[in-house]
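These notes concern the structure reproduced below.
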Amino acid sequence: MRVKMNYGRSGLFIDFPDAWDIAVIEKAAMPVLADPAGAVLKALASPVACGPLSREAAGRRTACILICDITRPVPNSVILAPLIQELIQAGIEPNAMTVLVATGLHRPNESEELRELVGNDWVLDTVNVMNHFARNDADHAYLGNTSRGTPVRLDRRFVEADVKIATGLVEPHFMAGYSGGRKVVAPGIAHQDTITTFHNAGFLEHPRSANCILDGNPRNPLHEELTEIIRMLGRVLAVNTVIDDKRNLSYVNFGEIEASHLEAVAYMRRYAEIPVHTQYRTVITSGGGYPLDKTYYQTVKGMVGAMELLEPEGNIIIFSECSEGMGSREYVQAQQLLSRLGTGGFRESLLQKSRASIDEWQTEMQLKPMEIGNIHLFSDKLSKEDRSLTGVHYRDADISPLDFIRAIAEPSGRSIAVIPEGPYVMPRYQSN
């Protein structure tokens with residue numbers, strides 16, 4: 001059986017021997033919109049829980065549109081131009097519009113990378129396109145504290161805009177349940193103190209802060225916190241997108257941010273959540289391919305997404321290119337601390353803090369699959385020095401993908417689950 005794993009820009013083919021029992025965990029074929037630009041215009045005119053954009057923008061003077069950073073494959077080339085043209089027709093001057101890259105605490109996207117992200121030179125030439133910088137105190141407005149005590153400071157360019165629109169991709173998220181919507185605002189354009197507060201262990205060690213969980217009893221506390229932050233802003237609108245495994249637009253809607261996001265989640269659930277009745281000694285997954293697998297930091301999402309399928313003391317094998325290395329300097333420091341303290345000591349160090357150290361939350365999430373079984377990384381771009389910081393097993397990059405798998409899987413048997421899309425597909429284990 002030949003399986004194509006999401007890996008870098010081009011993918012990675014693995015030819016499994018016929019004698020092996022391979023279960024491929026993947027989404028059902030998703031419908032693709034034949035006229036994506038037309039679908040965006042239709043969504044703007046047929047909103048969820050608000051008026052059409054032309055009415056929402058009428059009489060307004062300024063607008064701010066949030067877009068995700070380069071780590072998310074949002075189809076900005078399709079959605080931004082119709083959105084901006086609609087705002088112009090409603091009477092808002094182009095120089096009074098800002099497209100703000102919701103970087104959170106990630107690095108900014110600039111130059112050719114910004115052009116790739118926006119996907120439309122007309123947009124770059126017509127409106128202001130800027131990055132959010134979470135560490136710039138003066139860029140943020142204080143809105144008060146949430147009921148849980150999180151200080152809410154958000155980028156004032158969004159806070160002060162007459163029309164506030166978040167755009168994003170709806171997909172499973174290993175802390176917040178699903179990405180998009182409220183998450184584009186916080187952490188997307190939040191101050192570092194806000195981000196580090198709701199990324200502390202009090203939120204992330206909660207068992208409901210997990211993939212595909214929003215509601216229930218209890219609810220996902222991180223989702224609740226982000227929703228409370230959104231409500232502090234007043235009127236916020238959103239364009240929500242869903243893409244298929246080939247990055248084609250499958251669904252788009254527009255509306256009030258909470259209601260429209262939940263409708264998009266309901267659509268995505270039908271495809272992303274796969275019921276599985278077997279756990280495996282070996283689970284093969286990916287970091288999601290480009291652009292998500294540019295860093296090891298983002299690779300952790302694939303590990304966490306696969307862990308429901310893993311038998312205790314089994315093996316997760318993850319393929320991730322890591323073309324930009326580990327990630328931030330702060331993340332490297334967290335990984336170094338994990339190496340020194342071990343999983344138990346590292347978690348204990350987190351429980352003492354009201355605010356997390358920057359990017360250590362990704363290391364915290366890595367502990368969860370590590371405590372179930374063994375993790376093995378295949379990456380042909382990560383340096384030997386960086387591989388020693390991952391906290392997981394690895395082999396030299398000159399070994400073939402199949403030989404890498406064979407060395408790990410054959411001692412445990414040849415019944416293997418494979419998740420080619422990595423964190424974009426969520427197997428949900430249901431015991432018989």
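The values are calculated or read from the model by the stated rules, or taken from the named source; none is laboratory data. Keep in mind the model is a prediction, meaning the values are calculated, not measured. Cβ placement follows ideal geometry from the backbone for every residue including glycine, while neighbour counts extend to all protein chains displayed.
Working only within the range 242-269, note down all residues that are closer than 23 Å to L292 by Cβ and assigned to a helix (DSSP H, G or I). Hits for the range 242-269 are H261, A264, V265, Y267, M268, R269. Of all residues in the range 345-368, those that are in contact (Cβ under 8 Å) with a residue 12 or more places away in the chain and on the phi > 0 side of the Ramachandran plot have Cβ atoms under 8 Å from Cβ atoms of residues that are part of a helix (DSSP H, G or I) and not charged (D, E, K, R), 6 or more apart or on another chain, in D359/Y297; D359/Y331; D359/A334. Figure legend. Inter-residue proximity from the range 17-30: first residues touching a residue at least 24 places away in the same chain (Cβ under 8 Å), second residues among the small types (G, A, S) and in a loop (DSSP other than H, G, I, E, B), beta-carbon distance below 6 Å, spacing 6+ or different chains. No pairs are indicated.
Within this structure, L341 fails the test of being in contact with a Phe, Trp or Tyr (Cβ under 9 Å, 6 or more places away or on another chain), aliphatic (A, V, I, L, M) and either in a helix (DSSP H, G or I) or crowded, with 20+ Cβ neighbours inside 10 Å (or both).
Among E110, E116, E93, which is touching a strand residue (DSSP E or B) at 6+ places or on another chain (Cβ under 9 Å), under 30 Å from F133 (Cβ atoms), among the acidic types (D, E) and assigned by TED's automatic domain parsing to the domain that holds V252? Working first, answer last.
Numbers: E116 fails: touching a strand residue (DSSP E or B) at 6+ places or on another chain (Cβ under 9 Å); E93 fails: touching a strand residue (DSSP E or B) at 6+ places or on another chain (Cβ under 9 Å).
None of the others qualify; the one that does is E110.
Against the numbered list (1) surrounded by 15 or more Cβ atoms within 10 Å (Cβ to Cβ); (2) out of contact with any Leu (no Cβ under 8 Å at 6 or more places or on another chain), A90 comes up short only at (2). Checking each residue in the range 235-261 for being hydrophobic (A, V, I, L, M, F, W, C) and farther than 20 Å from A28 by Cβ picks out V236, L237, A238, V239, F254, I257, A259. Each residue in the range 314-330 was checked for being surrounded by fewer than 23 Cβ atoms within 10 Å (Cβ to Cβ) and within 14 Å of G391 (Cβ to Cβ), and 1 of them qualify. Among the residues of the range 68-82, is any at positive phi and outside any helix (DSSP H, G or I)? Among the residues of the range 68-82, not one is at positive phi and outside any helix (DSSP H, G or I), which makes the answer no.
Annotation: of all residues in the range 252-279 being in contact with a Leu (Cβ under 9 Å, 6 or more places away or on another chain) and among the hydrophobic types (A, V, I, L, M, F, W, C), the one that is modelled with the lowest pLDDT is V276. Of the numbered criteria (1) surrounded by 16 or more Cβ atoms within 10 Å (Cβ to Cβ); (2) not in a helix (DSSP H, G or I), the one A306 fails is (2). Listed by position, the strands (runs of 3 or more DSSP E) inside the range 119-233 whose residues that are assigned by TED's automatic domain parsing to the domain that holds V78 and of a type in the set (D, E) number at least 1 are 151-155. A single member of Y297, Y331, Y290 is under 22 Å from L169 (Cα atoms) and either in a helix (DSSP H, G or I) or among the acidic types (D, E) (or both), and it is Y297.
Residues that are surrounded by fewer than 17 Cβ atoms within 10 Å (Cβ to Cβ), of a type outside the set (G, A, S) and either outside any loop (DSSP other than H, G, I, E, B) or not assigned by TED's automatic domain parsing to the domain that holds E116 (or both) within the range 53-67 comprise just one, R55. For the range 35-52, the condition holds for at least one residue, the condition being that it is surrounded by 20 or more Cβ atoms within 10 Å (Cβ to Cβ), assigned to a loop (DSSP other than H, G, I, E, B) and assigned by TED's automatic domain parsing to the domain that holds E160. Candidates are the residues of the range 82-120 that are in contact with a helix residue (DSSP H, G or I) (Cβ under 6 Å, 6 or more places away or on another chain) and among the small types (G, A, S); the one that is farthest from S328 (Cα to Cα) is A90. With respect to T282, is the statement that it is part of a helix (DSSP H, G or I), at pLDDT 95 or above and crowded, with 24+ Cβ neighbours inside 10 Å true? Considered against the rule, which asks whether it is part of a helix (DSSP H, G or I), at pLDDT 95 or above and crowded, with 24+ Cβ neighbours inside 10 Å, T282 comes out as no.
Of all residues in the range 360-382, those being assigned to a loop (DSSP other than H, G, I, E, B) and touching a Gly at 6+ places or on another chain (Cβ under 7 Å) number 2.
The C-beta contact set for the range 300-318 (first residue modelled with pLDDT of 95 or more, second residue aromatic (F, W, Y) and not in a strand (DSSP E or B), distance under 6 angstrom, 6+ apart or interchain) comprises K301/F174; V304/F174. Of the residues making up the range 168-205, those that are on the phi > 0 side of the Ramachandran plot and charged (D, E, K, R) number 0. Just to verify a result, which residue in the range 383-411, among those that are of a type in the set (S, T, Y) and part of a loop (DSSP other than H, G, I, E, B), is farthest from E330 (Cα to Cα)? Checking each candidate, the answer is S400.
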